[in-house]
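Engineer: Sharing a structure here in structure tokens format.
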Number of protein chains: 2
Amino acid sequence: MSSPKLSPRTRTAAARREEPSLPSGTASPDAPPPSPGDGQPSGAAPEGEPPYRVTEQVGYLLRRAHQRASALFQEHFSGIDLTPTQFAALSVLVDEGELSQNLLGRVTAMDPATIQGVVMRLRDRGLVERVADHTDRRRFMVRPTAAGRAIATGAIAEARAVTAATLAPLKPAERKTFLALLRRLG
Amino acid sequence: MSSPKLSPRTRTAAARREEPSLPSGTASPDAPPPSPGDGQPSGAAPEGEPPYRVTEQVGYLLRRAHQRASALFQEHFSGIDLTPTQFAALSVLVDEGELSQNLLGRVTAMDPATIQGVVMRLRDRGLVERVADHTDRRRFMVRPTAAGRAIATGAIAEARAVTAATLAPLKPAERKTFLALLRRLG
DNA sequence: GGATCATTATTCGTACACGAACAAAACCGT
DNA sequence: ACGGTTTTGTTCGTGTACGAATAATGATCC
């Protein structure tokens, strides 16, 4: 119920309505390495550059899509009360058995400062435990508790549902394509 | 620079065979060919589900790609010292001229609580100004200052470079495809 | 051995992101 | 005109994200 009504054409922004035609015509043929210093394709721009619109850039679209994916996750996990990152960390731990806190962060794409908070919250809820590593006294090994294991495995069905809901706007073949491309941007 | 050493010494995860057995109602007895990578036939899934791996789900990949895009943005904008969301808000304001704070948030995909902080920080730096709306005394109109306009227009070249760097791993045709699909997931 | 460098974990500060609760103003049907 | 609903903006609390600084330990080189 309650239509989202996210149509912000209230006052301005209704005057012009051109189609994007072709996105970003930088004539890089292939493999533009991340060489810093390529300010812009200055110099040669024979074709009229399309206007820059922030809401059509990858960064903005990625932020939007990530917001939607997180919202869908929260809906499905409102009962379990796990955030996407908490579930990611817990799920990896259940698969791997035991990881140092730092390595767990790298595997789940979290900063050392970020994984610290995530692990602490999981520990406060009794889902993981931290054990000092005897061979390397800098490290803490993190491993799931029985409760954490039960919750993670029991939530896999919901997690699959979240993935399905997130990809729902795409047709099956498009999902495959999208995931293959998205993987290369990670 | 030290090799990242991102190799979780997985000795597990190889000899796994447990069957999920209870994920969703997928008890379709007629199992089509078990071709791998068959996508996700919505509804009845064939048997032999692949193991669930968090790091291959859309949500995780979107988070990762968004992190990378933000990092690239920060690199290019370290001199200007604008965050992606701050630039998005400012850029939209320069295009639209003047928007209420609430509408600005909707256009840039930010929660009312989020856009509030973003606008405040932009105002503290003298890039936007907030004016009370006389026709609707609940609203504040937000508009860019001369300085904000100058910064936003002057940064468009860098912003294009960020987009190019973010999409660099993909070939031009793939970028077009990816953006078209990503747009539909927003 | 001892100096140097790298890794691990922690803490601090800042910035998104959003649910929830709130007050003021606008809107609406009757 | 009135009362109920919606919209707008604010504040609070929690969680993710990360740069920077720090301390402790491990690894390496001379």
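The values are calculated or read from the model by the stated rules, or taken from the named source; none is laboratory data. Computed from a predicted model, the values in this text were never measured in an experiment. Backbone-built Cβ (ideal geometry, glycine too); neighbour counts: all protein chains shown. SASA here: full protein model, heavy atoms, side chains in, ligands and nucleic acids out. Shrake-Rupley method; radii C 1.70, N 1.55, O 1.52, S 1.80 Å.
Engineer: Output the number of the condition that residue B:149 fails; it satisfies all remaining conditions of (1) within 16 Å of DNA strand C (Cβ to nearest atom); (2) more than 21 Å from the chain's Cα centre (by Cα).
Structural biologist: (1)
Engineer: Can I ask one more? Please go through the range A:72-102 and pick out each residue that is touching a residue at least 24 places away in the same chain (Cβ under 8 Å), among the small types (Gly, Ala, Ser) and over 13 Å from residue A:127 (Cβ atoms).
Structural biologist: Of everything in the range A:72-102, those that are touching a residue at least 24 places away in the same chain (Cβ under 8 Å), among the small types (Gly, Ala, Ser) and over 13 Å from residue A:127 (Cβ atoms) turn out to be A:97, A:100.
Engineer: Answer yes if at least one residue in the range B:143-166 is within 13 Å of DNA strand D (Cβ to nearest atom) and more than 24 Å from residue A:70 (Cβ to Cβ), and no otherwise.
Structural biologist: Within the range B:143-166, one or more residues are within 13 Å of DNA strand D (Cβ to nearest atom) and more than 24 Å from residue A:70 (Cβ to Cβ).
Engineer: Could you check the range A:122-142 and list, in sequence order, the residues that are open to solvent by 70 Å² or more (accessible area, probe 1.4 Å) and within 12 Å of DNA strand C (Cβ to nearest atom)?
Structural biologist: Hits for the range A:122-142 are A:123, A:135, A:137, A:138, A:139, A:140.
Engineer: Could you check the range B:109-121 and list, in sequence order, the residues that are closer than 21 Å to residue A:56 by Cα, among the small types (Gly, Ala, Ser) and within 6 Å of DNA strand C (Cβ to nearest atom)?
Structural biologist: none
Engineer: On to the next question. Filter the range B:143-161 down to residues that are crowded, with 19+ Cβ neighbours inside 10 Å and without any contact (Cβ under 8 Å) to a residue 60 or more places away in the chain and give me whichever is nearest to the other protein chains (Cβ to nearest Cβ).
Structural biologist: Result: B:160.
Engineer: It is to be established whether one or more residues within the range A:163-170 are of a type in the set (S, T, N, Q) and more than 9 Å from chain B (Cβ to nearest Cβ).
Structural biologist: Scanning the range A:163-170, I find no residue that is of a type in the set (S, T, N, Q) and more than 9 Å from chain B (Cβ to nearest Cβ), so the answer is no.
Engineer: Where in the range B:40-139 are there helices (runs of 4 or more DSSP H), lying fully within it, with 1 or more residues that are more than 10 Å from chain A (Cβ to nearest Cβ), under 15 Å from the mean Cα position of the chain (by Cα) and within 11 Å of DNA strand D (Cβ to nearest atom)?
Structural biologist: B:58-76
Engineer: Anything in the range B:53-72 that is aliphatic (A, V, I, L, M) and more than 11 Å from residue A:91 (Cβ to Cβ)? List them, or say none.
Structural biologist: Result: B:58, B:61, B:62, B:65, B:69, B:71, B:72.
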